[in-house]
Amino acid sequence: MLAMKRLLAFCIALLTTAALAQSPVDSLVAAERAFAKRSHDTNVRDAFLAYFADDGIVFNPGPTNAKALYANSAPIPSPSPLTLDWAPAYAEVSQSGQLGFTTGPYVRTDNVKKAVTAQGTFFSVWEKQAKGDWKVLLDCGVPTSNAVNLQSVSVTTGTPSTFHAKAGGDMQAEMMEITTAEKALSLGTTEARMKVYDEALAPNAFVVQDGLKQLTDVASRKKHVDEMKLVEKWYLRGGTISNTHDLAYVYGTYEAHAMKDPTGKAQLGPFARIWKRDAQGKWRIVVDNTQPH
């Protein structure tokens, strides 16, 4: 009887440990939700200072160190006159669980007027720290036409690349491969650039434009590629690759002319992309956050 009790206790302990253990992508989603809760319960400034990496980037309007920006901003009174809420709708991590990204809707509320004053889609890149906690490396938001009921948002999690790079690969050389691919998107005629861009887009890639959209068919893909024709050049400003060499992110600014009018004033805007190896080891764009108008 004693042996049976010990066996039962051991089984319960194993089940409890398994229940408590989180997959890397689940832990990332939990970090995003905790970040959002911190923002709601306190304010944007304090939440961003707590959850951003020391070298984390936001756009203001160009790439700006987030901690420096918020540390130098005025303290926000309590209760906060504005509330920024958001919810992850999609998340994915690298094979090692060291690098990941999240995206989903956000809503900003004026607490004095009790009215929504802005809504959009956020896109964040995260890195797991040595102590096991996640910190934001990059964050950018895009306005959308309509607000989303955050309570109705459910999260979808992607799967890591099935391609495994050789151990001991040169990370700098592989990042240079992505840098070269990025530069190719801005070379040649519009037709040549769009051919390169279309070939770089992964099947079912996500785009962050007026909400998170997935290019699930020929029509949606063509519509997106046609919109990208407005972009004349992307200027790469930074990025990094995962330690398993299967996932990477880049960010920078783009230049476009409205309605392709070369005589008009060039429009500048921010962009961010996620590159991921496909099953054959080729780098493909799986998320693109560029909004030319």
**Asked** All but one of (1) exposed (fewer than 13 other Cβ atoms within 10 Å of the Cβ); (2) on the phi < 0 side of the Ramachandran plot hold for Gly132; which doesn't?
**Response** (2)
**Complete:** The lone condition Asp210 fails out of (1) on the phi > 0 side of the Ramachandran plot; (2) at pLDDT below 95; (3) in a strand (DSSP E or B) is (3)
**Complete:** Filter region 98-117 for residues that are of a type in the set (Gly, Ala, Ser) and crowded, with 18+ Cβ neighbours inside 10 Å; the one that is modelled with the highest pLDDT is Gly100
**Prompt:** Among the residues of region 253-275, is any under 30 Å from Gly97 (Cα atoms), surrounded by fewer than 20 Cβ atoms within 10 Å (Cβ to Cβ) and not hydroxyl-bearing (Ser, Thr, Tyr)?
**Reply:** no
**Request:** Have a look at Asp261, Asp278 and point out the one that is among the charged types (D, E, K, R) and at pLDDT below 95.
**Result:** Asp261
**Prompt:** Which members of region 73-122 meet the condition of being farther than 24 Å from Arg277 by Cβ and hydroxyl-bearing (Ser, Thr, Tyr)?
**Reply:** Ser73, Ser78, Ser80, Thr83, Tyr106, Thr109, Thr117, Thr121
**Message:** Can you tell me which condition Ser23 does not meet? The list is (1) surrounded by fewer than 18 Cβ atoms within 10 Å (Cβ to Cβ); (2) closer than 30 Å to Gln267 by Cα, and all the others hold.
**Reply:** (2)
**Message:** Being at pLDDT below 95 and among the hydrophobic types (A, V, I, L, M, F, W, C) is the filter here; which residues of region 131-144 pass it?
**Reply:** Cys140, Val142
**Residue that is nearest to Leu212 (Cα to Cα), among those in region 52-110 that are part of a strand (DSSP E or B) and aromatic (Phe, Trp, Tyr)** = Tyr90
**Fill in**
Taking region 186-213 and keeping only residues that are of a type outside the set (Phe, Trp, Tyr), within 18 Å of Arg277 (Cα to Cα) and under 20 Å from the mean Cα position of the chain (by Cα), one is left with Ala200, Leu201, Ala202, Pro203, Asn204, Ala205, Val207
**Unmet requirement for Pro160, which otherwise passes all of (1) under 18 Å from Asp288 (Cβ atoms); (2) in contact with a Ser or Thr (Cβ under 8 Å, 6 or more places away or on another chain); (3) not hydrophobic (A, V, I, L, M, F, W, C)** = (1)
**Item:** Conditions (1) within 18 Å of the chain's Cα centre (by Cα); (2) surrounded by fewer than 16 Cβ atoms within 10 Å (Cβ to Cβ); (3) assigned by TED's automatic domain parsing to the domain that holds Asp226: number failed by Val153
**Value:** (3)
**Message:** Looking at region 136-146, can you tell me whether even one residue there is among the charged types (D, E, K, R), in contact (Cβ under 8 Å) with a residue 40 or more places away in the chain and part of a helix (DSSP H, G or I)?
**Reply:** no
**Request:** Mind listing whichever residues of region 71-97 are surrounded by 19 or more Cβ atoms within 10 Å (Cβ to Cβ) and of a type in the set (A, V, I, L, M, F, W, C)?
**Result:** Leu84, Trp86, Ala87, Ala89, Ala91, Val93
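The values are calculated or read from the model by the stated rules, or taken from the named source; none is laboratory data. Please read all numbers here as calculations on a predicted model, not as lab measurements. Cβ coordinates were reconstructed from backbone atoms using ideal geometry, including for glycine residues, and neighbour counts include every protein chain displayed.
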